[in-house]
1. Compute the Rg to Rh ratio over the range 126-182 from the alpha carbon atoms, using the Kirkwood formula for Rh, and round to two decimal places.
2. Can you give me the angle between helix 103-114 and the longest principal axis of the chain, using Cα atoms only, in degrees from 0 to 90, rounded to the nearest 10?
3. Past 24 Å, Cα to Cα: identify those pairs from K172/K264; K176/K229; K197/K249; K109/K161, in the order given.
4. Quick one: what do you get for the range 167-260 if you divide its Cα Rg by 2.2 N^0.38 Å?
5. Give me the accessible area per residue for the chain, probe 1.4 Å, as a whole number in Å².
6. Suppose accessible area is computed on protein heavy atoms with a 1.4 Å probe; arrange D149, D275 from highest to lowest.
7. Extent of the range 271-324 along each principal axis, from alpha carbon coordinates, in Å, largest to smallest?
8. For helix 33-45, report the angle its Cα long axis makes with the longest principal axis of the Cα atoms of the chain; keep it between 0 and 90° and round to the nearest 10°.
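The values are calculated or read from the model by the stated rules, or taken from the named source; none is laboratory data. The structure presented is a predicted model; accordingly, all values stated were derived computationally and were not measured. As a convention, Cβ positions derive from the backbone with ideal geometry for all residues, glycine included, and neighbour counts pool all protein chains shown. Areas reflect the complete protein model, heavy atoms only, side chains present, ligands, DNA and RNA absent. Shrake-Rupley method; radii C 1.70, N 1.55, O 1.52, S 1.80 Å.
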Amino acid sequence: MNKRATLAQVAAYAQVSIATASRCFSNPELLKPETVTLVRQAASALHYKAPRILERDLSMARIAVFTQLFNHQGGTERLRGVSNALRAWPHELLLYDVIGSASSVDYVKKLLVTKRVEGLIFSGVPILPEVATYIQRFELPTVLINIDDPRFSRVITSEKKGCELVADYFNKSEVKNILFLGARPSPMDNNPGIRLKSFREHLNVDKKTASIELLVDPLSQEAGVEIRKLLKSNRKIEAVFADSDLLAKSIYVAARELGISIPKDLLLIGYGDCDSASQLGISTVRTHLDASGRRAVEILRGHEHSDEPARVELKPELILRSTT
């Protein structure tokens, strides 16, 4: 019995890419009619039968999102923006929790080989060279959120500019002893240390000299212990800039337990503008988490009408509430 022809053989016979041959069965409306005819003639000549997975309901779009589902940097709000933008578009949303920088490689390989998705979104997680190569080879529409890679369309909110807004606010205030509370760098960070560096570089010299830093694991119990220990110490702290709203919430709770009045005794600014910041009235840097998810979907939907990768930059805002 002869071995069944493969999609790669059909593509070679028709002198097109594997991605183009796949689209002839899954998304023929995206190709020129003559290309579809050429590939189907090649399939017929080779007695190729497309897998059922390629002959699916074309009205249902599948979008895969790669993110860290349980991180502290607003992943939930971004996913909400993606979901809201997809509501008017028949779809299936596939979520992949990238727990390590290499874990997305196998996911992407499987998705591209089986052609089960119309688009990819990488939300706040690094895109490895091997993954990028596969995406480009199969010509799959891809949008990155907060990853400024010129090879792909992306939605960016400048962390540098956001932290400079906080530094400007403190420079204009009377506070001098400032605590920067940040997350310890992890292998999944796209630009580790950028928030602390941007904040410190923009502070006035006298405030920079008097400021201190504390890096913790925001999701650990030890973080709360270290925060309370510092607030109870003899070190004078007049203001706190937390590099996530989760850490800002930890300061907020610890200060209340210790009888420290916010903002009378301690100014507090977070980062991200997650739901918790709004609920507790915490001043924060709005990084348009929900909007970045929506814009990523809008770029995906307009992908076939664009020849060049799009770059959308959302301007961060300093939102002042009851903690300043």
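1. 1.26
2. Helix 103-114 sits at roughly 30 degrees to that axis.
3. K109/K161
4. So the Cα radius of gyration is 1.07 times the expected 2.2 N^0.38 Å.
5. About 51 Å² of surface per residue is accessible.
6. Result, largest first: D275, D149.
7. 46, 16, 10
8. 60 degrees
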